[in-house]
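*Asks:* Please find one structure pasted underneath; my questions will follow.
The values are calculated or read from the model by the stated rules, or taken from the named source; none is laboratory data. Keep in mind that what you see is a predicted model, and the values were worked out from it rather than measured. As a convention, Cβ positions derive from the backbone with ideal geometry for all residues, glycine included, and neighbour counts pool all protein chains shown. When the accessible area is computed, the model is the full protein with side chains, heavy atoms only, and any ligands, DNA or RNA have been set aside. Shrake-Rupley method; radii C 1.70, N 1.55, O 1.52, S 1.80 Å.
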Amino acid sequence: MISVVLPCLNELRHGYLPKIAENLIAQQGEKELIAVVSPSQDGTLEILKQLPEFHVIESEAHNRAQRLNEGVWASQGDIILLHHPATVLPAKTALMTITQSFQDPEVTWSGFQHQFDLDHWLLRYTSWYSTVIRPRWGRILYLDHCIGVRRSLLIKIGGVPDIDIFEDTLLSQCLGQYGAPMILPDSVITSARRYRDRGIYRQAVLNQALKMMYHLNLDPRWMNRLYERKIQINVTYPTRRDGE
């Protein structure tokens, strides 16, 4: 059985949650669907609770890594899919494709090819690079590739590293010690909402600057605040009291 862990925080803003839920429910094969929801103000929890196919966990998790780990510890599958909350899997047979790939004992983790829902040369290049170059030479997959991993290995490395940003990069570095990821034949579709909202080139420059900051070991909490710009995307921030 494969367990899908979907981390959620105010997920209605980009319109992908209904698509993701419909896609996962329609997926063929034996599966377990887990949604871990941090306190949200937009009805995310209420929508998921209406879906009997999902095991919904109400969480006080501060960041996406913590939400993923809560789902991992609650899961029962031998294979775990860490599902990005703004990405849709290929239709119907994606979970079976992942499961079948792990029949090869040399495969320890995997991810799908990537595509954005906005057509632009820079976004096409970004998807190509993250599908072809980065996994091969850096052994890194971002969460929007929807990372599949053997449960035994994920438990062995201690789950998803608990940091506010680049948790998928650090996770990949841990998993990469056991081999390169297998890239599956079909493509996922990811929301390009940040590129639409902030401008494609501006967001691309910010992404590269943040990667440099990560390699300089700057504070992940500060980097994530710069990334989110006071909008709670991955992390919940405490409400400040007057005078603080």
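*Asks:* Considering Cα pairs under 8 angstrom that are at least six residues apart, work out the relative contact order of the range 120-195 and quote it in whole percent.
*Replies:* Across the range 120-195, relative contact order equals 35 percent.
*Asks:* Once you have the Cα-Cα distance between K92 and R225, take 0.36 nm times their residue separation minus that, and quote the gain in nm to one decimal.
*Replies:* My answer for the length gained is 44.2 nm.
*Asks:* With every protein chain left in place and a probe of 1.4 Å, what is the accessible surface of Y214, to the nearest 10 Å²?
*Replies:* 40 Å²
*Asks:* For the peptides 201-207, 186-192, what is the packing order when you average, over each peptide's residues, the other Cβ atoms within 10 Å and list the highest mean first?
*Replies:* The most tightly packed comes first, giving 186-192, 201-207.
*Asks:* Pairs of lysine in the chain with Cα under 24 Å and at least 8 positions apart or on different chains: total?
*Replies:* Taking the chain as the scope, the lysine pair count is 8.
*Asks:* Given the -39500 (n - 2.57) contribution per DSSP H run of 4+ residues, what per-residue ellipticity at 222 nm results for the chain, rounded to the nearest 500 deg cm²/dmol?
*Replies:* One gets -10000 deg cm²/dmol as the mean residue ellipticity at 222 nm.
*Asks:* If the convex hull of the alpha-carbon atoms of the chain is projected onto planes in all directions, what is the mean projected area in square nanometres?
*Replies:* Taking a quarter of the hull surface, the average projection is 13.1 nm².
*Asks:* Could you give the distance between the Cα centres of the range 114-135 and the range 60-105, to the whole Å?
*Replies:* The range 114-135 and the range 60-105 have Cα centres separated by 22 Å.
*Asks:* While we're on this one: FRET efficiency for R198 and W128, Cβ-Cβ distance as r, R0 = 30 Å, nearest 0.05?
*Replies:* Once the sixth-power term is evaluated, E becomes 0.90.
*Asks:* Also, I was wondering about something else. Classify the range 53-132 from the C-alpha gyration tensor, please: rounded if a/c falls under 1.5, else prolate or oblate depending on whether a/b exceeds b/c.
*Replies:* Since a/c reaches 1.5 but b/c is at least a/b, the shape of the range 53-132 is classed as oblate.
*Asks:* Rank by packing, highest mean first: peptides 44-55, 2-13, 91-102, 108-119, with packing defined as the count of other Cβ atoms within 10 Å averaged across residues.
*Replies:* The densest-packed peptide leads the list: 2-13, 108-119, 91-102, 44-55.
*Asks:* How large is ³J(HN,Hα) for each residue in the range 154-160, as worked out from phi by the Karplus curve 6.51 cos²θ - 1.76 cosθ + 1.60 (θ = phi - 60°), to whole Hz, x for Gly and Pro?
*Replies:* 4, 5, 4, 8, x, x, 6
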